[in-house]
Amino acid sequence: VPDHSSISHLQRTVADEIIKKPTYFRGSQDDVHDWLDKLEQRFTMAQWSDENKLHYISIHLQDDAYRWWMQTSSTIKAWSSFKDSVTRAFGSTRAQELAFEQLKWYKQTVNQSVTQYYDKIIELCKKVDPAMPDSLKLKYLIAGVKESLKLHIALYDPQTIETFLSYARKLEDTLSFTKTDYIMNQYNESI
């Protein structure tokens, strides 16, 4: 467990990184939601106040986003207002529609692990609706999982996305082990 001086040193280091190596946002060509998520992670690690976030935001903006900020900065007085305003200005409803179409039809691929599939579905759900309830995420997860896993998962009837992932990973590992065992037995019998 680090002592307080090393924690404050770490926070200072992260804060320096935020200033020296900004997470840039240029405008419509970038995904505003992804950018805000990455930026919030960095700000959280540095334990910046909302006031500091707003004070230093201009170093993270370029091109259209910077021009937008120069025009609107005098009216934005709170970090939450900035996030709402930048999302309204640069958030694409088309991107949200595309994410929804992809989410509706997304299926786990042959070589995609359960964890990779889970991460992709959760990412799409967040793009469609950052406030999407876990119960709906769970339905999308079950709908697109490999057929070889779907029946087992449906019988298990997970109630949360976390139990879905935990059970599906165990199931995937078990089936993988069984398949490997079968192949080894076939090989040994042919010798």
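Brief remarks follow.
- Whichever lysines have a C-alpha closer than 22 Å to that of residue 77, once near sequence neighbours (fewer than 8 apart) are set aside: 38, 53
- Between residue 37 and residue 112, full extension at 0.36 nm per residue minus the direct alpha carbon distance yields a gain of 24.5 nm.
- Counted charge near residue 35, where neighbours are those whose Cβ lies closer than 14 Å (Asp, Glu -1; Lys, Arg +1): 0
- Computed [θ] at 222 nm, deg cm²/dmol, the chain (DSSP H ≥ 4; -39,500 (n - 2.57); rounded to nearest 500): -23500 deg cm²/dmol
- About its Cα centre, the dipole of the chain is roughly 340 debye, where the only charges are +1 on Lys and Arg Cβ and -1 on Asp and Glu Cβ.
- Amide H partners (placed H, <5 Å) of residue 61, local residues excluded: 25
- The dipole here belongs to the stretch 4-90: it is taken about the Cα centre, uses +1 on the Cβ of Lys and Arg and -1 on the Cβ of Asp and Glu, and is about 200 debye.
- Note on residue 169/residue 63: beta-carbon distance plugged into 1/(1 + (r/R0)^6) with R0 of 41 Å gives a FRET efficiency of 0.45.
- Here residue 12 and residue 87 are evaluated by their C-beta separation; at R0 = 30 Å the FRET efficiency comes out at 0.50.
- Take the Cα of residue 123, step 7 Å toward its Cβ, do the same at residue 73, and the gap between the two points is 3.3 nm.
- Theoretical gain in end-to-end length, residue 19 to residue 105 [0.36 nm per residue, Cα-Cα removed]: 26.9 nm
- Couplings 3J(HN,Hα) for the stretch 82-92, derived from phi with the Karplus relation 6.51 cos²θ - 1.76 cosθ + 1.60 (θ = phi - 60°), are 4, 4, 4, 5, 5, 5, 5, 6, 10, x, 9 Hz, where x marks Gly and Pro.
- Interatomic Cα distance distribution for the stretch 1-95, bins of 5 angstrom, percent: 3, 13, 24, 24, 17, 9, 5, 3, 2, 0
Bear in mind that the values in this text are calculations on the coordinates, not laboratory data. Everything numeric here is computed off the predicted structure, so don't read it as measured data. When we count neighbours, we look across all protein chains shown, and the Cβ atoms used for this are built from the backbone with ideal geometry, even at glycine.
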